[in-house]
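The values are calculated or read from the model by the stated rules, or taken from the named source; none is laboratory data. Every value quoted in this text rests on a predicted model; they were computed, and no experiment measured them. Quick reminder, even Gly has a Cβ in these numbers, built from the backbone with ideal geometry, and neighbours come from all protein chains shown. All accessible areas refer to the heavy atoms of the entire protein, side chains included, with ligands and DNA or RNA removed. Shrake-Rupley method; radii C 1.70, N 1.55, O 1.52, S 1.80 Å.
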Amino acid sequence: QFATLGFGVEESLSGANAAVKASVLFFEDAGKTAKTFAGAMKILQDNTEGSANFSEQLNQALALAVELEKDNKSELGPLSEALERFAPAAATAGISMRETITLLASLGTAGRAGASGATLLRTSVNTLLSSLDKLAPQLGVVVDASDKTFDVLLKVVDAGDKLASSGLIKDRAQVVEAFSAIFGGERGTQVVAALSAVNEQLKKNNAVLPDV
């Protein structure tokens, strides 16, 4: 699968081995895992100067998926499905492979696993990027020049969590209503509301450093 996407022999072998190891742990199909992660890595590989090589990045991504499975409702099958669906949008928004897996695993814990969660996340991210000017007046979220899309999304999720816990609203369903002006209605808001509900787990996931 890796070779068909233009990766070299060494990279293909490394990718296949890493995919097999992860698939064995999850009792998933190694071929499907290889295909999904190969496609995602082709899009999301970090090629900046000083970054790890392809093999290292792939091993880190799969190791992160395995590690997050331990403390999340995140299985490789639905995670791979979500990764395949969201990777192009992640690349456009400047969201890294690690950040993508972190978000998707957290969505699994929030009950939004698989392609449906990835589709909602794509909608939310696209809408967020066109609504940055609304964050401060609506939520008090200040976007710094150095903030990446992932950083901004975490700030918004944190604001939703604080809003739901403040006593100013009665339940998390009202978080959806509070965010609708920014995210264009209920559909775009569902992911933010879901992630806000598992905000502490999202923070833990973002701090995970898997052994490779």
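A few notes on this one:
- When each of Thr100, Thr92 is tested for being open to solvent by less than 20 Å² (accessible area, probe 1.4 Å), polar (S, T, N, Q) and modelled with pLDDT of 90 or more, the lone residue that passes is Thr100.
- Thr119 vs. criteria open to solvent by 10 Å² or more (accessible area, probe 1.4 Å) and touching a residue at least 60 places away in the same chain (Cβ under 8 Å): no
- Contacts under 9 angstrom Cβ, first residue in the range 42-57 being on the phi < 0 side of the Ramachandran plot and of a type in the set (A, V, I, L, M), partner modelled with pLDDT under 90 and open to solvent by 80 Å² or more (accessible area, probe 1.4 Å), 6 or more apart: Ala52/Gln60
- Residue in the range 122-154 that is nearest to Leu195 (Cα to Cα), counting only those that are among the charged types (D, E, K, R) and touching a residue at least 12 places away in the same chain (Cβ under 8 Å): Arg122
- Test for Leu107: is it open to solvent by less than 10 Å² (accessible area, probe 1.4 Å), under 11 Å from the mean Cα position of the chain (by Cα) and under 23 Å from Glu200 (Cβ atoms): yes
- For Gln60: the one exception among (1) open to solvent by 10 Å² or more (accessible area, probe 1.4 Å); (2) farther than 18 Å from Ser196 by Cα; (3) touching a Gly at 6+ places or on another chain (Cβ under 9 Å): (3)
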